[in-house]
Structure formats: structure tokens, C-alpha cells
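Structure record follows, encoded as C-alpha cells.
The values are calculated or read from the model by the stated rules, or taken from the named source; none is laboratory data. All figures in this text were calculated on a predicted structure; none of them were measured in a lab. All Cβ positions, even for glycine, are placed from backbone atoms using ideal geometry, and neighbour counts span all protein chains on display.
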Amino acid sequence: MTLRARILLGFGVVVLVPLLVFGLRVRTEMASRLTAEYERRVAALVAVIRADLEQQSAGIASRLAALTGAMAADNRFRIAALQGGDRAYLLDYAGNAMHLAGLSMLQIQDDQGRVVSSGHFRNEYDRLEPAQPRLLAAAPGGMALVQARTPEAPFLALARLDSLRLGRRRFTLIGGVAVDSGFRARLTRDPELLVSLALPTDTLPAADSAGQVVSELTVPFVAEGESAELQPARIVVRHSLASLGALRRGVNLAFLAAVAVTVAIALVLGGAISVRISRPLAQLAQRTSEIDMDRLDVAFHSERRDEVGALTRLLGAMTDRLRTGAAKLREAERRIAMGDLARQVNHDIKNGLIPIRNVFRHLLEAARGEGPDPLAAALRDRQGTIESSISYLENLATNYARLYPPPARELCAVNEVVLETIRRVGEVAGRGELRIELADGLPAVRTDPLVLRRILENLIGNALDSLESRPGAVTILTARGADGGRPIVRITVADTGKGMTGEELNRAFDDFYTTKPGGTGLGLSIVRRLVLDANGALRVETAPGAGSRFIVELPGETA
Amino acid sequence: MIPLHRQALFFGLLVAACHAPGPGVPLPAPPAPPAPGVAASDTACTITAGRAAGRDTVTIALTEPVDASHAPVPRNDAERWVFGQLYETLMRVDCQGRVLAGLAKSWEQGARDRWTFTLRDDARFWDGAPVTARDVLAAWRLRDSVLAQASAIVSDRVLSVPAPATPFQPFADPRLAVTKPAPGGSWPIGTGGHWVTGGGERGAADMLWAAPLPKVALPVLRLTMVAPNGARDALDEGADLLVTDDAAALEYAAARPEYVDAPLGWTRTYVLLSPGRDPPGVAALRIESLRQAVHGDARSAEESDGGHAWFTELGQCDLLPARDPIGAQARRHRVVYNQTDRSAADLAARLVALGVLGRGAVATGLAPTPFEAALRAGTEGAYVLRLRRRVFDFCRAALELPPWSSAGTIEPLVDVRSHALVRRGFPRLTVDWSGTTRLLPR
């Protein structure tokens, strides 16, 4: 696991665990408190409904009492009911009385249970229904739910019983108010409280204790027709927990949003901190990976005062030591190689020169004789030896030339190589100011970028060395030129150093000539050879005390 | 500004007045009776006999709407009364079934079961044009093309018609009233004693005015539409004639000495129409108690004057073949009625209370249009219908029943009748065979 992943994971754990504990606790507490509140509300509503039913019952009783009084005083009703006249008045009586009394149900029966007049079902006269008053009389509190019949459909009524005596006959009044959806709606204004009525014949769905708070009260019920006994009807009050569920969902959503925001913030913060920590380490690792024996110019600088800064400085010091050791090793190898090469060349050339010297001595001895013939004869005699030696030397030169392979030729952007070289040289220079003036739109040149970089490194290095620790500047310029219609790229490395005398200039390109302490004397020699290999030209403009300008011109590629 | 077509109509009426016989001209004696009897100038069917000219304007209260587009074929009792004043048929039938002259002054039986009708000499349209045999056939062609095609013009005022298969009353059917289209498509031009002159004051749509033709001894008619429960209000507002079956209005009029309560004929019968051949068993119930279920004036259903109710004689008519629409099993336990008909609602409720369709059956009132649709479909348990007890052409009346009727059962329940509440001194008012009152000149 990477350092960055560990940092992020640590952030997540530290932030999320407390948040989760807090959220779960809030949900649990909220659910328990709301459920308790709902239970209190349901119980209160059940009490209100019970009181309301009792109030309704008292109202019905008072209206029935008023009606019995009016019926007793109505002579037209008395005649119609006892003597059989004015049947239309009798049949319409209950309807008119029911409307005047504000009832929804009114049935007048005689002492045999025969319907004399009915308000809610005018034309059910003469039907026998003795069971209803009998059961109503047996109902606790004298009140019951009655299923009343109409032509269109039966309806439920909260009914009571009353009676009056006319002459020798007793008449029973069953009156009530409709228990319809409006009645039930009046029991509660709270849309979250649901009041339903369950008759004995109904099959209510099982109470969902997880989704509802339920309570109920029982009311006597008289079914339509010849019902034998009172049955219990239930008024069920339910409080849906839907609002609690909605609240839970809201809390969950808010909690999830908080978690998401927290996670996002933690990720951003953790990412920033981990990047702040890991980036310098990654850069150090990258730079360290660039180090090898051929590439020891990697710089390690840091102004940080923390562990990363100390590590950077340690790596820098280690690289410096490696660089010094590598330089010493290269110098030793070079000296060994140069020595071996010099001895081999010396041996090989001597092998070629010894026969020639012998021939030359022979010729000198022949020349000291008299007349030209001995010399000519000796020359003819030793001509084959001379030619053989010359051929041997030529082959020798060719073989040495083959030790250096021809460079690669590819299209190369001069400015990019200049910048790359500046970057590399600049990191280790620290001896003077480097300036660059690069021209745009330069044509590409066909050469090995490594060769070009070596040319520039040598020239810039010499220019910096020429400053000799004095204030000065080295300027690298690129420009486009032409040579007989062909484009050329001109690279100028100018310094403000000590410059060269004419004698120094004449020997500047000789092998092993150097004016610097510790120099090999091969730098400019190699530069010239590399420029010539690239089909280019090298010029020098210099004067003592006025600095030097080394101008390299390389053929450009036509577009 | 009087519209152009009314100016033309007024001019026509003036011309007709110059040529019409005077008001004192008696109706011609009725021809030899092809039907039950000869109308006499007796008072058997007369309700009131005040002087026609005694009052210039009389107010008629109507409890149902009147639509000019229905003329001359009425669709309710109010239209029947109004159209009866405006349009004439070849003959009339009085309350006792006696045939009276109408547009035709005489008729006689011809050869090959044909009858020849001779039009009245003074018969004219409202615009003054004389009524010809061609006009009669043109009017019939609009509403009974078969009869018109079978009839022939003998002369300008004589036409020959085939003898009807049923009793002779079809020629008094309002369908065969003689009219001609009016310019502008308003009230058809008729030949009756009144013509409609327009709406009431300030153009009220609930009032019509009908003026008598010139030199006809009839008052101007002010026809006011009252709400179904506004009968007593109409009396208080000075109605001269109100035909109603509202018990409260009848009771109220009894306390008003200026009004005479004249019961009209038992002209309506309520029946229980049920699909299928298995009757709901009304006869087994206490059917006599049905009479008390209805708020209006009712009696137990009785047979018609001819011996049987016309709706039991449908076998004589060329109706569609008997077919039970859906079968008995699919029917619902509902007694359905037109919810605008209170007596039908009372009867349906009583039938449910008596358990006609069994326990659990209900009565359901439907608005007129859904009721008609349900009746045509025949998918309900039973229907409470109000039928005319006397019809001029029972085969044609049978067409108003649903097609499946001949495969169903029709059981009469109660007969009902209306009462004419007439202000004393009202002009001569008679009752015709259909129970409709008619204003006649003296």
C-alpha cells in the first residue's frame, strides 16, 4: 500500500467512524420519541371518539324525545296510526320528522315490530322488523351501530331507541345519524390519523405494527334483517408511521450527504497532504533513478528544513562524491586507454617504419657508391619493401579509423538541444551567467543529437572556463543563415573571458594542447572533428581580453 | 323592427282572416262513424265552459319544457298541451273515444279497404294558404312515409288512404298533424287556432306567447314554465290553468275557492319491465299496497278500455323478433328508473322493499340519457317505466319500448292521473282521448 493510500485511509477512518456513530444514535432516538408521541395521539383520539359518540348519542336521544312529544300531540298522526285513515300522511310522517329533527334515520314501528312509517325508506311500510328495537334496547348505553336499509343501498347509522304510547298501542322510534365517510372524517382532522370502521363481516387487513400505531374501541352493531344478537363493531384508529419513515429517509439522506461531503473533504485534504509529503519523495526518487556512471550531473538542492530537505542534501552530497570518484575513474581509464593506445600506435608505426628505415639506410649506402646505377639498382631492389610498408601503414590508419563508429544521422531541432544542454550545464556550472538568444523557425539539421550536445557542452564548458571565476557571461545564440541557397543553422557560443592570442588560436585545435590546468587538450579537437563529421563548419573570432566567439554552422534541412 | 319572415306571416294571416269563416260558424257535423261513435255536442268531456271572449289573456302554467324543434310530435305533457293548441289532425278523439271532425269534415269507406277524407272548406294554414290534400301528404311524408306513399290525392281537398290495421284512432295521432316548414326553421306552420308569437317579456326563455288567429274566439295564451316543485307558486302567481299530479299542489288548490280541481283520465300506467320470460312475481306480492307508495293520484293498474292494455297486444305488430339480449344469469339485481320521475322512484323503492328481485336488490335512479341507454341494453334486473295508457297507434308506441321487450315481461303496477287546476270562468276546456286538455272556441 502506498504512502498516499495509507494517508487517505487514515483520514477516512478518523472522520467517518464518529460521524456514523452520531447518525445512528440520532435515528434511534428520533424513532423512539416519535413513536411514543404517536401512541399518545392515538390514545387521545380514541378517547375523543368515545366522548364524541356519547355526545352524539345524547343528541339523538334528545331529538327522539322531542319527536315522541310531537307525535303524542299530533291528532292527525294519532288518527292515522290508530284508526287507519290518511295513510299518505302516516307514510310521509317519518320522512318529514326525520328531516326536521336533523336525523338520517327514523323508523316508527308498532308494538308488533311492523314498520308504520320510515323516513330513510319511505316505502318499506308494513315490513316486520322486530329484532332491531329488541337488540337496540339490549345495547350497552342504549346506543348501537345499525345497518339501515334504503332502496339504493344500506347505510350505517348510530342509533338509539325511544317509544311512546298512543291509546293502547305502543310505538317505537329508531332514530340515528349516518355514520358515513363524512362522519368519520369529522372524528379527526389530522390526515395522519386514519379512522376506520370494521363491521363483524369485514375483514380488516392485519395491523402493520411496524408501519402503524393502532388502537380501537368497540361499539355494538345491529345487522340488517333478522339478526339474532348484538355483534361488536370496531372503530380502529391508526396512525401511520409514514411520516416517521419520511423523516428517517430525510435524516438518512442528510446523513448520507454529510458523509459524502465529509468523505470528499477528507479525500481532498488527505490528497493534498499526501501529495505534499509524497511529491518531494517521488521527485527525489525520480532524480535518484537518473543517476548512473554516465550521468552524474543530477542536482539535488532543497531549501526545506524537514526530513525531506535533509534527505535531499544527503543525496546531493552523495552524488558529489560519486561525481568526483567517477571523474577520477574516467581520468584513470582515459590515461590507461591513452597509454595503451599510444603504445599500440607506437608499436604499430614502428613496425611499419623499421623496413622503411632499413631501405633508407640501404639507399644511403648505395648513394655513397660511385655512379648512379647502384642507387637506382638499390631502389629497384627495395621498391617492394617500401610499397609494402606504406601499404601496411595505410591499412593501419584505416583500422584505427574504424575504432570510432560513424554517428547516427537524424533530424534534430537545434534550439531544443541548446536548451537541454543549457539545462544540464547550468545545473553544474555556477560559474557565470548563461544567456540564450534563440531564433524562431530554424530548420532542422540532420545529425546525431548526442553529437550536437557534445559540441555544445565542450564549447560552453570552455567558455565558462575562460571566465576564470571573474564576473562575465556566456551567450548562446542560434540563427538562420544561407550558404549558396541552402539553409544553414548558425550556433554561436560567445564569452566575455580572456580571449586567445594568435598563437593560442593556431594551436587551439591541436590534440593534447591545453592552457587549462588538468585539461586533456582534446576538447576543441573533438569539437572540430564532430562538426566536420556533421558536414558543418567551425570558425573562431577572438582577441586577447575581448573574449571569444565560436561559430558552428550546420547545414539545415529544406522544408 | 319586425323580422321579415314575421311580416310575411302576419300578412298571410291578414289575408286568411279576410277569407276565413266567421267565429260563429259551427263545426260541420261529424261523418258516419268508422270508429266507436259519433261526437255530439254534449258536455261529457268538458271541464269548464266559460266564455272564450270573457278574458283576453289566460295564463297556462307548464311544469315541463317546451321545445319548438319537437313540434308537432310532443315528447312530454306540456308539449302535448301546447302542440294540441297549435296543430290539427284529420280527426280528433274525445275522452270517451268518440271520433270528432278535425281538419277533415267527413270521411267514408271506399273500395278495397280504403277511406276517403274530405278536408274542411275553411281549413287554412296560419299564413292564410288553404290546406290541400297535397299539403296533407307532404306533412305525412315527413313523419310517416309509408302512409304517405300508400295514400292518394283524389282532388284538391279529397284524399284516399288505406284503412289502418289497428283501430281508427291513428289519424288523430299528433304525428299525422298537418304542418309545413316555416321560414327560418322556427315553429312549423300549422292550422290550429293559435300561433306562437314569441317569448315573454324581455325575451324570457321560460315563457311563450300564443295568439289566436283573427276572428277566432280564443284568448291569448301566456305559457309559463314552472319548476317541477313550483306548482303552488304558479297558482299564487295567478295561473289560470295548471295540469299537475303534485299532491301538495292539489291540497293547496282545494283551499283556494277560485280554483276547480278537475281530475283527468287515468292516462299513465307504470309497469315493471323485466328481461326474460320469468316475471319477478309482482302479482304474488301485496300489489294493492303499491298505490300508497306513490305520492300522486294512483290506483291499481286496470285493463284499458279495449279489454287489454295495449302493451300486452304487441303480438299484432310487426316488431323485431323476440330475443333475450344477454340471458337471465348476467342481470344485476337492480330495479332501475328515470330519476326525474318521482312516482317511478316511489314504485321502485316499494318493489325493493317487497323483495321483488330478492334480498339484496336495490333501486337505482339514472339520469334520462343513461336510463334510456340502460333500457335499450336490457342488462338490469328490471325497469320501472311510465307508459301512456291510451295511444292512438299502439304498434308505433311499441317502437318506443326497447327491442327486447317482446322477449321480456311487462307487468302493470299502477295507473296514475293528473288533475287540471282551472280558475273559475276559464274558457271552454275539453279533454281528449289521450287525457290532454284542449281549449275550444264556443
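At a glance:
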quantity: Which listed residue, of A:87, A:50, A:114, is at pLDDT below 90 and within 14 Å of chain B (Cβ to nearest Cβ); calculated: A:87
quantity: Strands (runs of 3 or more DSSP E) wholly inside region A:348-456 that include at least 3 residues being under 30 Å from residue A:496 (Cα atoms), modelled with pLDDT of 85 or more and touching a strand residue (DSSP E or B) at 6+ places or on another chain (Cβ under 9 Å); calculated: A:433-437
quantity: Flag if residue A:288 is within 14 Å of the chain's Cα centre (by Cα) and among the polar types (S, T, N, Q); calculated: no
quantity: Selection from region B:271-313 of residues that are at pLDDT 65 or above, part of a loop (DSSP other than H, G, I, E, B) and within 11 Å of chain A (Cβ to nearest Cβ); calculated: B:294, B:295, B:296, B:297
quantity: Complete set of residues in region A:52-91 that are out of contact with any strand residue (DSSP E or B) (no Cβ under 7 Å at 6 or more places or on another chain), among the polar types (S, T, N, Q) and within 30 Å of residue A:185 (Cβ to Cβ); calculated: A:55, A:62
quantity: Of all residues making up region A:123-135, the number that are more than 13 Å from residue A:148 (Cβ to Cβ) and within 11 Å of chain B (Cβ to nearest Cβ); calculated: 3
quantity: Test: residue in region A:75-86 that is within 23 Å of residue B:296 (Cβ to Cβ) and among the β-branched types (Val, Ile, Thr); calculated: yes
quantity: Check on residue B:6, outside any loop (DSSP other than H, G, I, E, B), basic (Lys, Arg) and at pLDDT 50 or above; calculated: no
quantity: Condition check for residue A:103: in contact with a Gly (Cβ under 6 Å, 6 or more places away or on another chain) and either crowded, with 23+ Cβ neighbours inside 10 Å or within 13 Å of another protein chain (Cβ to nearest Cβ) (or both); calculated: yes
quantity: Test result for residue A:495, surrounded by fewer than 16 Cβ atoms within 10 Å (Cβ to Cβ) and either more than 21 Å from residue A:298 (Cβ to Cβ) or in the same structural domain as residue A:540 (by TED's automatic domain parsing) (or both); calculated: no
quantity: Flag for residue B:418 being polar (S, T, N, Q), more than 30 Å from residue B:147 (Cβ to Cβ), touching a residue at least 60 places away in the same chain (Cβ under 8 Å) and crowded, with 22+ Cβ neighbours inside 10 Å; calculated: yes
quantity: Selected residue [touching a strand residue (DSSP E or B) at 6+ places or on another chain (Cβ under 9 Å) and either free of Cβ contacts under 8 Å to residues at least 60 places away in the same chain or assigned to a loop (DSSP other than H, G, I, E, B) (or both)] from A:531, A:474, A:489; calculated: A:474
quantity: Extreme residue, farthest from residue A:466 (Cα to Cα), among residues of region A:534-559 that are in a strand (DSSP E or B) and of a type in the set (A, V, I, L, M, F, W, C); calculated: A:554
quantity: Count of residues meeting criterion [touching a helix residue (DSSP H, G or I) at 6+ places or on another chain (Cβ under 9 Å) and of a type in the set (D, E, K, R)] in region A:312-362; calculated: 2
quantity: Helices (runs of 4 or more DSSP H) wholly inside region B:340-418 that include at least 1 residues being within 14 Å of another protein chain (Cβ to nearest Cβ) and under 23 Å from the mean Cα position of the chain (by Cα); calculated: B:342-353
